[in-house]
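Here is the structure we will look at.
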Number of protein chains: 6
Amino acid sequence: MVRRGLFIGRFQPFHNGHLYAVRAILKEVDELIIAVGSAQMSHELDNPFTAGERIEMIRRALNSEEIDPSRYLIIPVPDAPAHRVWVSQVESQTPKFDVVYTNQPLTRRLLSEAGYEVRSIRLYKRDMYEATEIRRRILSGEDWSMLVPREVYDFVKEIDGEGRIRDLAKTDTVSRASGEGLEPKSLEEI
Amino acid sequence: MVRRGLFIGRFQPFHNGHLYAVRAILKEVDELIIAVGSAQMSHELDNPFTAGERIEMIRRALNSEEIDPSRYLIIPVPDAPAHRVWVSQVESQTPKFDVVYTNQPLTRRLLSEAGYEVRSIRLYKRDMYEATEIRRRILSGEDWSMLVPREVYDFVKEIDGEGRIRDLAKTDTVSRASGEGLEPKSLEEI
Amino acid sequence: MVRRGLFIGRFQPFHNGHLYAVRAILKEVDELIIAVGSAQMSHELDNPFTAGERIEMIRRALNSEEIDPSRYLIIPVPDAPAHRVWVSQVESQTPKFDVVYTNQPLTRRLLSEAGYEVRSIRLYKRDMYEATEIRRRILSGEDWSMLVPREVYDFVKEIDGEGRIRDLAKTDTVSRASGEGLEPKSLEEI
Amino acid sequence: MVRRGLFIGRFQPFHNGHLYAVRAILKEVDELIIAVGSAQMSHELDNPFTAGERIEMIRRALNSEEIDPSRYLIIPVPDAPAHRVWVSQVESQTPKFDVVYTNQPLTRRLLSEAGYEVRSIRLYKRDMYEATEIRRRILSGEDWSMLVPREVYDFVKEIDGEGRIRDLAKTDTVSRASGEGLEPKSLEEI
Amino acid sequence: MVRRGLFIGRFQPFHNGHLYAVRAILKEVDELIIAVGSAQMSHELDNPFTAGERIEMIRRALNSEEIDPSRYLIIPVPDAPAHRVWVSQVESQTPKFDVVYTNQPLTRRLLSEAGYEVRSIRLYKRDMYEATEIRRRILSGEDWSMLVPREVYDFVKEIDGEGRIRDLAKTDTVSRASGEGLEPKSLEEI
Amino acid sequence: MVRRGLFIGRFQPFHNGHLYAVRAILKEVDELIIAVGSAQMSHELDNPFTAGERIEMIRRALNSEEIDPSRYLIIPVPDAPAHRVWVSQVESQTPKFDVVYTNQPLTRRLLSEAGYEVRSIRLYKRDMYEATEIRRRILSGEDWSMLVPREVYDFVKEIDGEGRIRDLAKTDTVSRASGEGLEPKSLEEI
């Protein structure tokens, strides 16, 4: 019987810490489902990339690293309308899995309450390899190329992801500067 | 003709202030609808319990206090997609009511604009008997048993509600610490 | 430990067959949750009444029958956005339950796949005591008073439920007559 | 004080019957809100045009007829998640109105229950001037030009609306022919 | 061929800066679509007015300024469930447009990525003529009459918009004071 | 530059016709996105399997056929709230694609209007290899094993998919027999 793991993340963007985790988990399971969470979100400062763009990043990076494509699946999972039904939503969008890998406390809690075995991800240089740091460097114009796989870096350049993140930051700055509490999905203000 | 009141709250959790209010309102009306608001929410620091758990708390507490079960109904009401249709949503989920009890300014405003009589709830030791204080004590490990009916305390213990609140707090702390603005329903971040 | 049953129905309207079932189930369990399904629906030919109106019907009928109000809860449950998450949604809106009573095959299937014990409801004169027959009689102007508890009959009269059902039937007839396939929620056509 | 009417329709497409009704209503009210219902729908056999396309049709037709543009507003109104909140949704999207014009029984019922005065529309040659007849003629290749204002005819041609309706009919035919009950929003089947 | 512009804003409320912009844009295009964004929102401190109220404000102001009503359309556009589909949603609710006017960076970005020409709005005394400043003055009891067209001022008075904004501010203050992070649509807290 | 195709279907279940199509398309493109449409749906007679189950079927079948896993991606795509935004939704959930393969007229229409090249799928023994025929055979107890890849057959047996389809058929039969028009998501009727 195949032992299957579920690795949940938002991958905004997919970075070396994620890649390191994929390698580590593949030593423990036969197959890995990489669930791209908050799949409906994009064009927000904390969620700049669409699910499709994130799938492309992950695919290119894993291909380039010669990780066997028969051993993983990449599946987008949208947020659920309520936390209590989120586990059911994940189950409905993915093949059955035996163990979950995540460090996010709420995700751990929900999956544990539903009876799943949840394991922590051993993080490699956590401070550096995290999405927030990457987005910060992009905003401040610092070099971020060594934090992500080469293919991710090239892809983000290709789709002008840096320009997008900078534009999204302007939105938030303007809003905050004017004392305007931007509603999550309100797109317009003159 | 029966005079019916509507008491709106989130009851996260149901505490002695709520119990005191139920007793007071039952002196003014024949029947009381206890509307459990934001019913779809749970597993958030400010909304830790599901509607079902909150209904169970209220039921056990009122039973133990020997409040006549033929005089009240407990009904979950989910948030509406827009504030302007929220009153209609409440009306669709509950039997007709004549007067509303709430201290929440937005709730008051919406119900008043819709033509309802809205009364304030005389609060008993407001500072102490409030949900925020209870959740704060749970997080800091202080005793909170005297703030809620005995049955609520036991029930929260029974479902490990304290553990859940502490886990939810970790989520928020991690997010804030990393400068990550957690999206309301985004569950995943490595 | 209290043994709790869940009785799921739409109760459009609550009739003698439902009442008979409630009595029968209360012999098998200590407490009963009466879940008013499709709670968001109303003003449709097959779902004429709001959840609030249905709760009122059930409450009045059970009160009149002197069924102990400490032994049951009436809880509206809206449909879920997808069948696969429906069980989680029910669980989130209701206190924990041990056994489910329903004759609806899809409901049985979903709850069984989720691991619940599901029991059939012994139906009393099924042909007569069913919501469809009641709505048919209302449309054809036949007497339907003996199919429902007296309080339900009076309540439907009180809110002009007969007039509403007749109006809803006109909508469907007009639509069908004109070859117009009425979209579920399309309200307008000249 | 301005007396304002609300005329609700789907206008799929806007035809001579609608135009006739607009003229008649403008004799009874000072200002008219033309509410384009089911605004989110399009690309269905019974709802082929987007709200934007329907607004364009109406605008061009009324301009060409030299109906004073200061006397009407055209406003799209999406369907509500539940019938019982639909009136609130209309109220939230439109300026206040005093009287409603519609012949649709459900619409009449909902607005009457909410306390509005609802008037019937005197229909001019109803059999001929109706959206269903127009769509039928398009499908069978018959001439339909005299059923709609010239500008509507030209606009539908301009956006290849006839081709769209024919394609949508294929979808439904294929589905029905194969015994496949097409789900409202299921777009895919090989 | 008519050249059509799209002017996107939330207009909470419509002020002199908006009016100035409408005049300026009408010099560059033949027709203008004034899109009232976040149309489903109201009764929030940053979004106090319903779409219908905002449409009424704009209509009255433009009528009073004798701006030709055949040259503009006012259309409410609700937020989309995800940013990436927002442009499609705008397109579905409005007639075709050739150029977009907005200063909001996210709106610019989304429309640019979709291939639209986006122009900036030359702002007139931006610091003063902005919705935030108006709402601030209302809260502090300062005079705000010269910041908006006379008709907007009268209309806000007429519907007690000042009272509404003050009530909404209480909600937020109470919430913040108690350390309670108010969920966007959570209406209830005792 | 990689040329990428998009193959859209519901795959309820994945059968030999689909497999044949995948092989044919892979001769025309470098990479193939297999989009599992109506991903949120399951437990309906026409949509019995969850997206996760369908992904598992496809994966097992393609693995067994030794189709190179580096050449395809399997991605679930939920239905959009409105047809007009469906293409944007597909684009947001998938990597960029150059050409689309589908025979469904509505899908073709929407993608063509959005500017995509759409190709037909050369069908192999269409009458036999179609999902409807498979579900029909399951219901009538006929052999259906030769219509699907071996792995799909085994998987459906493994999860008792036949039992599920039979239960779902009972639901519809009961509903129809009683003259009850089953609402799409209404789960309950006694």
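Since every read-out is calculated from the coordinates, none of them should be taken as a lab result. Computed from a prediction, not measured in an experiment: that's the story for all the values here. Neighbour counts are summed over all protein chains in view; Cβ atoms, including those assigned to glycine, are modelled from backbone coordinates with ideal geometry.
Here is how far apart the B:LEU139 label points are across copies: 2.3, 2.3, 5.5, 5.6, 6.0 nm, shortest first, using a point 7 Å from Cα toward Cβ. Across peptide D:45-57, the average count of Cβ atoms from other chains found within 10 Å of a residue's Cβ is 5.
Starting from the stretch E:32-97, pick out the GluC sites (Glu not before Pro) whose DSSP state is loop and whose Cβ has at most 15 other Cβ atoms within 10 Å.
E:GLU65, E:GLU66
When only Cα pairs below 8 angstrom with a gap of at least 6 residues are kept, the stretch E:4-169 shows a relative contact order of 30 percent. A helix-only calculation puts chain C at -12500 deg cm²/dmol for mean residue ellipticity at 222 nm, using -39500 (n - 2.57) for each DSSP H run of at least four residues, averaged over all residues.
Across identical copies of the chain, E:LYS170 has label-point separations of 4.1, 4.1, 4.4, 5.6, 6.2 nm, listed in ascending order, with the point defined 7 angstrom from Cα along Cα→Cβ. Translational diffusion of the protein assembly as shown was estimated from the Stokes-Einstein equation, with Rh taken as the Kirkwood radius over Cα pairs; at 25 °C and 0.890 mPa s the coefficient is 79 µm²/s. Each label was represented as a point 7 Å from its Cα along the Cα-to-Cβ direction; for A:TYR20 and B:ASP154 these points are 5.0 nm apart. Taking every DSSP beta bridge that has both ends in chain D, the antiparallel portion is near 5%.
Sorted shortest first, the separations between the E:GLU158 label point and its copies elsewhere in the assembly read 3.4, 4.0, 5.7, 5.7, 6.7 nm; each point sits 7 Å from Cα along the Cα-to-Cβ line.
Centroid-to-centroid, using Cα positions, the stretch B:79-153 and the stretch F:41-95 are 43 Å apart.
Coordinate range of the alpha-carbon atoms in the stretch A:1-76 per principal axis, descending: 40, 24, 18 Å. Dipole check for the stretch B:40-94: with +1 at the C-beta of Lys and Arg, -1 at the C-beta of Asp and Glu, and the Cα centre as origin, the magnitude is about 140 Debye. Multiplying each eigenvalue of the alpha-carbon gyration tensor of the stretch B:68-164 by 5 and taking the square root yields semi-axes of 30, 16, 15 Å, largest first, rounded to whole angstroms. Do any trypsin sites (Lys or Arg not before Pro) in the stretch A:1-81 lie in a loop, going by DSSP, with at most 13 other beta-carbon atoms within 10 Å of their beta carbon, and if so which? Sparse-neighbourhood loop trypsin sites (Lys or Arg not before Pro): A:ARG3, A:LYS27. Take each residue of peptide B:5-17, count the partner chain Cβ atoms within 10 Å of its Cβ, and average: the result is 2. The two copies A and F are related by a rotation, and the chain A beta carbon nearest its axis, with distance in whole angstrom, is A:PRO69, 2.
For the pairs D:LYS170/F:LYS27; A:LYS170/E:LYS27; C:LYS170/D:LYS27; C:LYS27/F:LYS170; D:LYS170/F:LYS157, flag any whose C-alpha to C-alpha distance is greater than 31 Å. Those over the limit are D:LYS170/F:LYS157. Dipole magnitude for chain D: about 600 debye, using +1 per Lys or Arg Cβ and -1 per Asp or Glu Cβ, origin at the Cα centre. Within chain D, the percentage of alpha carbon pairs spaced more than 27 angstrom apart rounds to 31%.
Under 18 Å from the 7 Å Cα→Cβ point of A:GLU113, by amide nitrogen: which residues of the stretch A:64-92? Inside the label zone: A:79-92.
Note on the stretch A:4-169: dipole from Cβ charges, positive end direction compared against A:ALA35, A:VAL99, A:TYR129; the farthest Cα belongs to A:VAL99. Among E:SER112, E:SER88, the ranking by other beta carbons within 10 Å of each residue's beta carbon, starting with the fewest, stands as E:SER112, E:SER88.
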